[in-house]
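The values are calculated or read from the model by the stated rules, or taken from the named source; none is laboratory data. Keep in mind it's a predicted model, so treat the numbers as computed, not measured. Quick reminder, even Gly has a Cβ in these numbers, built from the backbone with ideal geometry, and neighbours come from all protein chains shown. Surface accessibility is based on the protein's heavy atoms, side chains included, excluding ligands, DNA and RNA. Shrake-Rupley method; radii C 1.70, N 1.55, O 1.52, S 1.80 Å.
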Amino acid sequence: MIFQYDGTPQGLLTAVFDGYPYRKNIRFERGFSPSFLQDLVQVKSNQAKSQRVLAYLKENFPGFLNHEFKWAILADRPEIENALALTIYLMVDHGRDILYSDHPQARALVKNAKTISSEAHSYKGLLRFRELENGALYGPIRPKGNILYPLGLHFKNRLPRETFLIHDLGRGTGLVHQDGQLSFVEVDSLEETYSKKEETYQDLWRTFNRAISIEERKNKKLQKTNMPQRYWEFLTEVQDLF
């Protein structure tokens with residue numbers, strides 16, 4: 001059986017609820033495509049059904065809900081969502097220990113959840129805010145996962161009095177923090193006009209990094225190993241060195 005859902009977490013959980021009787025032979029697909037196949041079911045998102053699945057996971061597998069489930073949902077990739085749904089069924093039948101087995105779906109879920117969790121952790125240290133003319137802070141990123149919200153929570157606690165925007169350029173979305181509140185916004189493009197103080201700080205930071213670097217000990221290959229190059233796009237000091 002193929003269960004199609006609308007691409008939202010609520011839609012996926014609704015499909016998990018409806019697909020339970022077919023759990024031995026089922027696949028989940030994001031998005032709806034016209035079809036007359038008898039083994040294809042298009043699921044409408046239902047809050048009550050999704051909440052029942054969440055309540056079940058919270059009662060029986062709270063650790064899974066707070067770790068593997070949380071990060072797999074933020075991966076924002078259909079194949080991982082399919083593995084997530086199938087792993088929920090596996091845990092219902094075999095318990096949480098299935099996560100530590102060599103079952104391909106459970107193994108794929110755990111691996112990808114760790115990847116997204118690690119990416120969010122990395123961006124907590126690598127995200128660079130720049131001060132705009134109006135005094136707000138702007139932080140562009142291009143992550144693999146949809147990690148805006150956990151980043152927003154982190155920087156809300158670190159910068160409680162600041163107004164800032166974390167901009168996911170790849171998805172065209174942003175998370176704004178203002179007056180202690182976080183809110184999502186659509187951001188297709190943004191003209192970055194930095195304050196004079198920001199330009200001074202960037203120059204000072206580049207000067208500092210040039211001063212402490214040792215030309216004879218540069219090792220680009222090692223640097224790429226320690227910090228993948230996809231993180232370099234918005235790092236002022238790295239752009240200057242390469």
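Structure data summary
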item: Added length on full extension, which subtracts the Cα-Cα distance from 0.36 nm per residue, LYS156 to THR115; result: 12.4 nm
item: For the range 47-120, accessible area per residue (1.4 Å probe, heavy atoms of protein chains only), Å²; result: 51 Å²
item: Difference of contour (0.36 nm per residue) and Cα-Cα distance, LYS58 to ASP6; result: 16.4 nm
item: Length-normalised contact order of the chain in % [C-alpha pairs under 8 Å, at least 6 apart]; result: 13 percent
item: GNM result for the chain, Cα springs below 10 Å: residue of ASN226, ASN209, ASN112 fluctuating most strongly; result: ASN226
item: Structure-based [θ]222 nm, the chain - -39500 (n - 2.57) summed over DSSP H runs of at least 4, per residue, nearest 500; result: -14500 deg cm²/dmol
item: Alpha-carbon centroids, the range 111-187 and the range 25-47: separation in whole Å; result: 33 Å
item: Chain lengthening between ARG128 and TYR100 when straightened (0.36 nm per residue, less Cα-Cα); result: 6.4 nm
item: Estimated distance in nm for a label pair at LYS224 and LYS24, the labels positioned 7 Å out from Cα along Cα-to-Cβ; result: 5.0 nm
item: Length-normalised contact order for the range 1-127 - Cα pairs under 8 Å, 6+ apart - percent; result: 25 percent
item: For the range 157-242, accessible area per residue (1.4 Å probe, heavy atoms of protein chains only), Å²; result: 74 Å²
item: Solvent exposure, largest accessible area first (probe 1.4 Å, DNA, RNA and ligands not counted), of THR115, THR236; result: THR115, THR236
item: Heavy-atom accessible surface of the chain: percent carbon and sulfur, 1.4 Å; result: 50 percent
item: Structure-derived Cα extents along the principal axes in Å - corresponding label in (i) 64, 42, 37; (ii) 95, 38, 33; (iii) 66, 37, 34; result: (i)
